1. Can you pull out the strands (runs of 3 or more DSSP E) entirely within the range 117-161 that have at least 1 residues that are under 14 Å from the mean Cα position of the chain (by Cα)?
2. Would you be able to tell me the number of residues in the range 93-137 that are polar (S, T, N, Q) and buried (at least 17 other Cβ atoms within 10 Å of the Cβ)?
3. Among D128, D102, D134, which is the only one that is at pLDDT below 95 and closer than 27 Å to K26 by Cβ?
4. For the range 57-67, indicate whether the set of residues that are in contact with a Leu (Cβ under 7 Å, 6 or more places away or on another chain), under 23 Å from S84 (Cα atoms) and not hydroxyl-bearing (S, T, Y) is non-empty.
5. Only residues in the range 145-156 that are more than 12 Å from E123 (Cα to Cα) count as the first member; pair them with residues that are modelled with pLDDT of 95 or more and of a type in the set (K, R), Cβ under 9 angstrom, at least 6 apart or cross-chain, and list the lot.
6. For the range 69-88, give me each residue that is basic (K, R) and in contact with an Asp or Glu (Cβ under 7 Å, 6 or more places away or on another chain).
7. Among the residues of the range 75-102, which ones are in a loop (DSSP other than H, G, I, E, B) and in contact (Cβ under 8 Å) with a residue 60 or more places away in the chain?
8. Filter the range 17-58 for residues that are open to solvent by less than 60 Å² (accessible area, probe 1.4 Å) and assigned to a helix (DSSP H, G or I) and give the result.
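The values are calculated or read from the model by the stated rules, or taken from the named source; none is laboratory data. All of these numbers come straight from a predicted model, not from anything done at the bench. Ideal geometry is used to build each Cβ from the backbone, glycine not excepted, and the neighbour counts take in all protein chains shown. Ligands, DNA and RNA are stripped out before the accessible areas are found, and what is left, the full protein with its side chains, is counted by its heavy atoms. Shrake-Rupley method; radii C 1.70, N 1.55, O 1.52, S 1.80 Å.
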Amino acid sequence: MNKPLCKPLEIPDNLNLKTWLESQAKEHQLNYLLAHAEDGVIWGKFQDGNLITPTEPVELFPKCNFPLLRNETLQQCRVFGKNSEVLFWQKHEGFKARLIKDDNIKKEEYITENQILWGTKSESELGDFTLLADGQQGLRHAVPLTGITFKNNEHPLRLTVHHYIDYDDSGVARIYLSRLVKLYF
């Protein structure tokens, strides 16, 4: 059984988060960013080597007050693409990061899960982002996709996750590692 490469990544002492994430995206051919911060969720995409979010380089949806990607509030961040994911997270002693790379993994060695994401209607599209709303609670997020088709109050947005399988000495299977793969509708 092949296992995906899972290795720790070096974090520079004088970390510029955006620059570091852009270099990882370029090196490992990563397309999207999903970050969880103390003040909310941040989606992003990499275009021509640059990270674009709903707040940078231009604030696309100012009425929503979306969070900025900042070292001080970041809890965890996943930068992902077809064959790799970089997970970056905050610990008491500082930041940690790891890379999962699965270029030679067979489909029998992981389970694919297509998670349903919030969003039953589009409020607007600006740049490469769509502002999605869901329900009467006012739940909103801006995803780095446009042209999303909505039908009958359904949730068309999906996030593909690979859950990697391992077996213990007695042959019992377990999921030992998971990573984000793609965002689509």
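1. Filter on the range 117-161 gives 139-143.
2. The total comes to 3.
3. Numbers: D128 fails: at pLDDT below 95; D134 fails: closer than 27 Å to K26 by Cβ.
Answer to the check: D102.
4. Scanning the range 57-67 turns up no residue that is in contact with a Leu (Cβ under 7 Å, 6 or more places away or on another chain), under 23 Å from S84 (Cα atoms) and not hydroxyl-bearing (S, T, Y).
5. Pairs found: L145/K45.
6. R78
7. We begin by selecting, within the range 75-102, every residue in a loop (DSSP other than H, G, I, E, B); these are 81-83, 92-93, 102.
If the condition is that a residue be in a loop (DSSP other than H, G, I, E, B) and in contact (Cβ under 8 Å) with a residue 60 or more places away in the chain, then G81, K82, D102 are the ones that fit.
8. L17, W20, L21, E22, S23, Q24, A25, H28
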